[in-house]
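The next block holds one structure in the form of structure tokens; read it before the comments.
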Amino acid sequence: MLNITQRLNKKILDDDVEQVPVRNGFGEGLLEAADNDKSIVGLCADLTESTRMKAFADKYPERFVQMGVAEQNLAVVSSGLASTGKIPFITSYAMFSPGRNWEQIRTTICYNDRPVKIIGSHAGVSVGPDGGTHQAIEDLAIMRVIPRMEVIVPCDAPEARKATNAIAQTSKPTYMRLAREKTPVMTTEETSFEIGKAYEMWRNEKVDVAIIGCGPLLHHALVAAQELAEEGIGSVVLNSHTIKPLDIETITGLAREAGAVVSVEEHQAAGGLGGAIAEVLMQTNPVPMEFIGVKDKFGQSGTPNELVVHYELDAAAIADAVRKVIKRK
Amino acid sequence: MLLEAGSGHTAGPLGMADIFTLLYFHIMNHDPKNPSWEDRDRIVLSNGHICPVQYATMARAGYFSVEELKTLRKFHSRLQGHPHREYLPALEISSGPLGSGLGQAVGMAIGERMDKGRNTDKYIYALLSDGEMDCGIIWESAMLAGRDKLQNLIAIIDRNGIQIDGYTWDIMPLEPLKAKWESFGWHVIEVDGHNFRALDEAIGEAQSVNDKPSVLIAHTIPGKGVHEFERDYHWHGKPPKKEEADMALRELRTLGGRVVSEHE
Ligand SMILES: Cc1ncc(C[n+]2csc(CCOP(=O)(O)OP(=O)(O)O)c2C)c(N)n1
Ligand SMILES: [Mg+2]
């Protein structure tokens, strides 16, 4: 059953559910945050429109810095700006920031403890036809291992809007990943969002498995949960939008209750959300676990849907993983 | 190609069509039937997003069928949205993320020299874009090539004046570009990127310089040959719609209405 207390989109499982790119929510959230806080500044590396920073840049040209195609400079300049009391939001494609400028982020932003908000758009294989060079599927791994960094993956546009406003108010270096393509709108204005607090989107009376995911693939998780319920397999689908700090209490409690976990993310199966969950559960409450993610491969060109199916990230693959993990109990 | 693909880059590839034609059909020593021939010259495409023009030229040169061009950007196609050697081994490098092609070409030039000595006549042609000049790593590679006097390295910059967010002079002015490259130890030639004779001479001059790497700053028109697309940065990364594609092909095949096309 959908969790009614979270006031999710009523059409969430309908065929004609509204579809909006996650990155649009960031664009709206940035404008709101910037209206409320004059210390917010924006920097972009020649991708202002496609990372949805354009509305901000048009409204506040004096608070916008065009960096050109120079992602390493993007990171270090934002760190300098942060040292003068600004809250910099820096945008590019995830493959280039944080892909290209990792060490600059580590040293000048995190080591220096500067509240820079790194926004990586066009993450995941669902980028589609641009191909493997542009499909960031290692970004969560490289960001979550840096001390002080917080890591957030909104599941849809409304959540990205809320997350943008939330991260604007913390003093932490933060990485937020966005997706390019239109994806189902799962949440509403009223759905809660708090950094570090995972929430249930779905729960059956009997819980045989916990499906813990982040990002737009949660829609596939919900479709799988519905299909599994018809087979008599009960589940909880947990939206773990914050990968760091991970909601350890909720995840451990749920693992204990369900006795089996499937993680779901549009990322390498290694090193991302699934890895973070496994690290925690091995210490608190080990249970059988399966990982939905790309299995040590690069992406390629194709439609988003072709690639999600090919790399076994879709509802059918999630349902298979659930059946498998339950047998291991 | 782009119409079939439904996404991709229009301006850069059209602007570089003349240079690709000259390289593949006149300048380069290569064998389409044996792409890994050891003594080939190499084309290293750094600004991978303009790969449609490389694919199209390679097809015409006999690397694969012209029919295959329609698979651009499709699932499992050898013609990936950005060049990928795993899918098409005839490519020298995979690229897409900007700035990394020059350094790879520098490595190839150094390797050549280690094997064949200073006077090797195997050339490495590094194709770069002007937007890439924003990337710091371009200048790291340029400095190294200048220091090591890599005379068998010839870079060609697509100086078309556009990048994604606008014109290069608004986003990140590059001039004086010639002086910049000269100060890094390169022999620099400014050339009209649509004049075959001038390009041919410039490349000949670059080959004859034996104590420096050379760079051609090729002044090109983005979207060249199609009035609607020319010099407009909005065409950097979008494909034409059906009517636009028909109009563009007609204009290209008739040289803007000046000749009769056999396709009509
Ligand atoms: C490192 C990196 N950063 C950003 C991008 C995204 N990007 C692709 S093309 C481009 C503009 C570059 O300008 P140019 O190559 O001159 O474009 P063209 O003239 O072909 O339109 C950008 C920013 C990229 N491919 N690589
Ligand atoms: Mg350009």
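Details
- Residue in region B:98-109 that is among the aliphatic types (A, V, I, L, M), within 28 Å of B:Tyr167 (Cα to Cα) and within 14 Å of chain A (Cβ to nearest Cβ) present: yes
- Where a residue in region B:142-154 is hydrophobic (A, V, I, L, M, F, W, C) and its partner, wherever it lies, is assigned to a loop (DSSP other than H, G, I, E, B), with Cβ under 7 Å and at least six apart: B:Ala142/B:Phe184; B:Ala142/B:Trp186; B:Met143/B:Phe184; B:Ala145/B:Pro213; B:Leu150/B:Pro213; B:Leu153/B:Pro213; B:Ile154/B:Tyr123
- Verdict on A:Asn73 being open to solvent by 30 Å² or more (accessible area, probe 1.4 Å), out of contact with any Asp or Glu (no Cβ under 8 Å at 6 or more places or on another chain), under 20 Å from B:Trp169 (Cα atoms) and of a type outside the set (Phe, Trp, Tyr): yes
- Test for A:Val325: is it touching a residue at least 40 places away in the same chain (Cβ under 8 Å) and either over 24 Å from A:Pro21 (Cβ atoms) or open to solvent by 30 Å² or more (accessible area, probe 1.4 Å) (or both): yes
- A single entry from B:Ile137, B:Ile164 fulfils the requirement of being in contact with a helix residue (DSSP H, G or I) (Cβ under 9 Å, 6 or more places away or on another chain), of a type in the set (A, V, I, L, M, F, W, C) and within 13 Å of ligand 2 (Cβ to nearest atom): B:Ile164.
- Filter pass, B:Tyr125 being under 27 Å from A:His134 (Cα atoms), open to solvent by 30 Å² or more (accessible area, probe 1.4 Å), away from chain A (no Cβ under 14 Å) and of a type in the set (Ser, Thr, Tyr): no
- Some residue of region B:56-63 being within 16 Å of ligand 2 (Cβ to nearest atom) and assigned to a helix (DSSP H, G or I): no
- In the condition set (1) surrounded by fewer than 14 Cβ atoms within 10 Å (Cβ to Cβ); (2) not in a loop (DSSP other than H, G, I, E, B), B:Leu69 is compliant with all but (1).
- Of the strands (runs of 3 or more DSSP E) that lie entirely inside region A:222-311, those containing 2 or more residues that are open to solvent by 10 Å² or more (accessible area, probe 1.4 Å) and either basic (Lys, Arg) or within 26 Å of A:Glu181 (Cβ to Cβ) (or both) span A:261-268, A:289-294.
- Considering region B:83-97, the residues that are open to solvent by less than 40 Å² (accessible area, probe 1.4 Å) and away from ligand 2 (no atom under 16 Å from the Cβ) include one that is farthest from the other protein chains (Cβ to nearest Cβ), namely B:Ala90.
- Strands (runs of 3 or more DSSP E) (entirely within region B:139-243) containing at least 1 residues that are closer than 21 Å to A:Leu47 by Cβ: B:153-159
- Identification of strands (runs of 3 or more DSSP E) wholly contained in region A:107-204 with 1 or more residues that are closer than 20 Å to A:Leu43 by Cβ and open to solvent by less than 30 Å² (accessible area, probe 1.4 Å) yields A:117-121, A:150-152, A:174-177.
The values are calculated or read from the model by the stated rules, or taken from the named source; none is laboratory data. Source: prediction; values computed, not measured. When we count neighbours, we look across all protein chains shown, and the Cβ atoms used for this are built from the backbone with ideal geometry, even at glycine. Heads up: the accessible areas ignore ligands, DNA and RNA and are worked out on the full protein's heavy atoms, side chains in. Shrake-Rupley method; radii C 1.70, N 1.55, O 1.52, S 1.80 Å.
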